[in-house]
1. Sticking with the crude label model, points 7 Å out along Cα→Cβ, report the distance from Ile401 to Asp35 in nm, one decimal please.
2. How big is the convex hull of the Cα atoms of segment 138-217, per residue, in Å³?
3. Scanning the chain for helices, which whole DSSP H stretches are 20 Å or more long along the axis (Cα) and average -0.5 or more by Kyte-Doolittle?
4. If I model a spin label at Ser91 and Ala607 as a point 7 Å from the Cα along the Cα→Cβ vector, what separation in nanometres do I get?
5. Defining a contact as two alpha carbons under 8 Å apart and six or more residues distant in sequence, what relative contact order in percent does the chain show?
6. Starting at the first residue of segment 68-74, write each ³J(HN,Hα) from the Karplus equation 6.51 cos²θ - 1.76 cosθ + 1.60 with θ = phi - 60°, in whole Hz, x for Gly and Pro.
7. Only helical DSSP H runs with n ≥ 4 go in: add -39500 (n - 2.57) per run for the chain, normalise by residue count and round the 222 nm mean residue ellipticity to 500 deg cm²/dmol.
8. For a Förster distance of 25 Å, can you work out the FRET efficiency between the beta-carbons of Glu247 and Ala526, rounded to the nearest 0.05?
Amino acid sequence: MCGIAGFVNFDGHRRDEAAARVKRMADALIHRGPDEEGFFVDDCAALGHRRLAIIDLSSGQQPMSTLEGRVQIVFNGEIYNFLEVRAELESRGHRFQTHSDTEVILRGYLEWGQQCVARLNGMFAFAIWDARDKRLFLGRDRVGKKPLYYWRNGSSIAFASELKALRAAGLCPTAVDPEALDCYLTFGYIPAPRTIYQGVRKPGAAHWLLITADTQTEQRYWTLSFARQSARTLEQATEEFESLLDEAVKCRLMSEVPLGAFLSGGIDSSLVVSSMARQMGRPVITNSIGFSERQYSELPVAGRIARHLGTDHHELIVTPKAAEVIERIAWHFDEPLADSSAVPTWYVCEMARRSVTVALSGDGGDEAFGGYTFRYVPHVLESRTRRALPAMVRGPLFGAIGALWPASAALPKPLRLKTIFENLAVGDAEAFYRDLAWLRPDTRQTLYSPDFLEELRGFTPMEAMAPYYVHNDAPDALGRGQFTDIHFYMTDDVLVKVDRMSMAHSLEVRAPLLDHRILEFAAGLAPGLKVRGRLGKLPLRRLAAQRLPADVHKLPKRGFSIPAAQWLRGELRPVIEDILFGSKQLLTEVLHGPRVRELWHEHLSGARDHSVLFWALTMFGLWQRGTAVSPVMPHTCDDRNEQRPVGIAV
């Protein structure tokens, strides 16, 4: 795993100035690649690379070029099928100088042009500078495991793995994008192509960009299809999944450095470890963390699974210094992200790095196989109800009931129906949006200041989500929800969290369940082979019953969570109150102060749990503070008031 950065000025630049600037960009990414650095500069382009060496340790240095020097590449990630692609290229006459996957991408580009990305199975973000044709080619993997940002300013374009590299070189505007901020406060993350900064963009997952002096073309090269559902029994589906899982794990075991796995105690990571145990010639190094609060700890289950699989198991009970660690987390995120499970992810990555450089994870199982039944089951039932009732009846009827029905956690669970009634009054897409959104539409209207609402000019975050739900080929509500989760929520929340927290500790994380062959297989399963009753991930559960200790496959899903509500009332209270009320912040321009105070007092009193909202505001405030300092870790920064240069053309 690595960090990449660079820029192109099609009008040309001074090489010495370009070299100094790209060096600053790479220095800001040293946590992503502490082993080596490399640079390329010509009259138009400057490329920088920070390397975390995993394979081909002796000859995989970057930037890498063809012998004649026409094409240069910087690459972040791993290509798991690079040996097969290499063999095909050799059969076409290509001669390789290294044993690295980087050279396979480079020569694949020479052979197939932009279509080379469709042949790659892996996680990647790369930039190729074609000096002869004066064009820059950017590519990103199918689900966006590896990050990439870019900013175009006239004849110049800059790119990097993280925003802090753009900021370090003065190649990043500082004006906040109001639509991105609205999305953040609504979802807890900022979906592509938006970023927190106006004018800076993220290429979508499974997209490539081709940029010349006069043109910029972006194209999707892969999409997940739910339309081709084959007839299978659950037994057949489980057998197929088992074969695919073992193959996906096998190709991710390639490494010249120590390799292990996360073991949370859930089905997904446990199945990954079971597959590793079958294929490795030594006990798998597994890592688990827990908190002192038992409801937030899966250590007992993880320990049972580790003993069953004979792993070299490491456990750690964490007593977080919340105020300290979330400041560091906010710095690494680059743009605000409010997923509080970043805290345990930070600690498990920190722990794993003590014994391994590469860790396999169970990410992707919930999205691919319908694990989010707390959302999917009601959504499917609501969708069936909508089809049974005319909209002219359903809208007014359930709209009125939803408006009158009380929203109270004090009600018995069977009577907490307000959200369902409100969802039945609208269509499938809007209902799924409401399920994804942390900020209810009515709360949003009262929470935002009049000036911020005016600045949004009628925009709502549903505009960012709806195209994913509407524009896919899934024949049912479950498939449409899964498509949206995979391409929207997972890419811009889950995978951002895992990438930044692992790279903060120079740890590479690989996710076998996100192999595109597994995703395509799962999309081709009928809904009844993924979800039945309140249980999701049926093939995984069936396989778990065969491979794991008894009853593990029956355990309900548990999130990787923290006691956020208590922390906000305790250790983090001074932090959030300083952010909200201690000084004039951007939040005071965005939020309606009296409403914020009202919600905060409700949370402090325990009358309502608003921890999701206030965690988001805390992370935004810490991000905002962090952007006023140089791109160095907060605890090592010498000058907290140093301002970054911005808006400078390359």
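Nothing in this text is a laboratory measurement; each read-out follows from the coordinates by a stated rule. Just so it is clear, the model here is predicted, and its values are computed rather than measured. In this analysis, Cβ positions are derived from the backbone assuming ideal geometry, glycine residues included, and neighbour counts consider all displayed protein chains.
1. 6.0
2. 95
3. 234-251, 611-626
4. 7.1
5. The value is 17 percent.
6. My calculation for segment 68-74 gives 7, x, 5, 10, 10, 9, 10 Hz in order.
7. Roughly -12000 deg cm²/dmol at 222 nm, from the helical runs in the chain.
8. Here the calculated transfer efficiency is 0.65.
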